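Since the structure comes first, as structure tokens, the remarks are kept for the end.
What follows is calculated from the coordinates using simple rules that are stated; it is not laboratory data. Note that this is a predicted model, so its numbers are computed, not measured. Cβ coordinates were reconstructed from backbone atoms using ideal geometry, including for glycine residues, and neighbour counts include every protein chain displayed.
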Amino acid sequence: MAQAAKPLKFFTAAEYLAWEEAQPERHELVEGVPYAMAGDSRVHNLLVGNLYALLRPHARARGCRLYTETVKLRIGENTFYYPDLMLVCVGAPPHTHYEESPCLLVEVVSDSTEGIDRREKLWRYLKLPSLQAYLLVDNRQPRVEAYFRGPEGWLYQALGPEMGEGGLGVPCLGVGLSLEEIYEGVELKATS
């Protein structure tokens, strides 16, 4: 027998923040609707850890805050995401549970998150006035795609073995990242 339809509950920011604190799993809020987060793989965790280790000393030296996966990013009245990595280099945090003005955002792309990371989050992230770079780090192959804010608008760059040697700059910190550093110690498999 089919279940009776229930009314969809839309959360305000305050309702979501209070509700989310009591939940055993994380949820992102998109236009007032909560969505449970996909579970993370070992490869995902290693990639985020590598990026954090590479960027942390530079972030500290510049007085920036670097977060991994558990601090929310508020990007609208009723929209909050949990970026895999977020760098904020301005002002004091607006709240104990979220930030609003990142200069760098990183998402680790997997089969289950690719559509959201490449469409929904890309569209919303690139509208943030403070954002200087958005990196998409693939957890299936050594490939990083980057969107950088330039004087004429957003620029796209991809880095992977088929493209030869090179690196990506992190404009907020003035440092570069190589593919080898990002994927160091990470064994990639088609089903990570």
Using a Gaussian network for the chain with springs between C-alpha atoms less than 10 Å apart, which of these wobbles most: Glu100, Glu114, Glu21? Glu21
Percent relative contact order for the stretch 77-140, counting Cα pairs under 8 Å at least six residues apart, stands at 35
With charges only on Cβ, +1 for K and R and -1 for D and E, what is the dipole size of the stretch 52-133 about its Cα centre, in debye, rounded to 20? 340
May I ask you to derive the FRET efficiency for Gln141 and Leu8 from their Cβ-Cβ distance with R0 = 45 Å, giving the value to the nearest 0.05? 0.75
Filtered hits (lysines, Cα-Cα < 24 Å from Lys127, offset >= 8 within chain) -> Lys72
Beta carbons within 10 angstrom, averaged per residue: use that to sort the peptides 2-10, 119-127, 175-183, highest first. 175-183, 119-127, 2-10
Please report the net charge: other residues with Cβ closer than 11 Å to the Cβ of Thr96, K and R +1, D and E -1. -1
Over the stretch 38-182, relative contact order from alpha-carbon pairs under 8 Å, at least 6 apart, %: 18
Could you go through the stretch 68-85 in sequence order and give the Karplus-derived ³J(HN,Hα) for each residue, using 6.51 cos²θ - 1.76 cosθ + 1.60 with θ = phi - 60°, rounded to whole Hz, and x for Gly and Pro? 10, 6, 10, 10, 7, 10, 8, 10, x, 4, 10, 9, 9, 10, 10, x, 5, 8
Counted neighbours (other Cβ, 10 Å), sorted fewest up, put Asp117, Asp111 in the order Asp111, Asp117
Can you list residues whose amide H is under 5 Å from Gly169's amide H, if they're 5+ apart or on another chain and H is modeled 1.01 Å from N? Leu177
Report, in debye and to the nearest 20, how large the dipole of the chain comes out about its Cα centre when Lys and Arg carry +1 and Asp and Glu carry -1 on their Cβ. 360
Among Leu128, Ala92, Gly63, which residue has its Cα positioned farthest towards the positive end of the charge dipole of the chain, with +1 placed on the Cβ of Lys and Arg, -1 on the Cβ of Asp and Glu, and the dipole taken about the Cα centre? Ala92
Which residue, chosen from Gly39, Leu54, Gly150, occupies the Cα position most advanced towards the positive end of the dipole of the chain, where the dipole is computed from +1 (Lys, Arg) and -1 (Asp, Glu) charges on Cβ about the Cα centre? Gly150
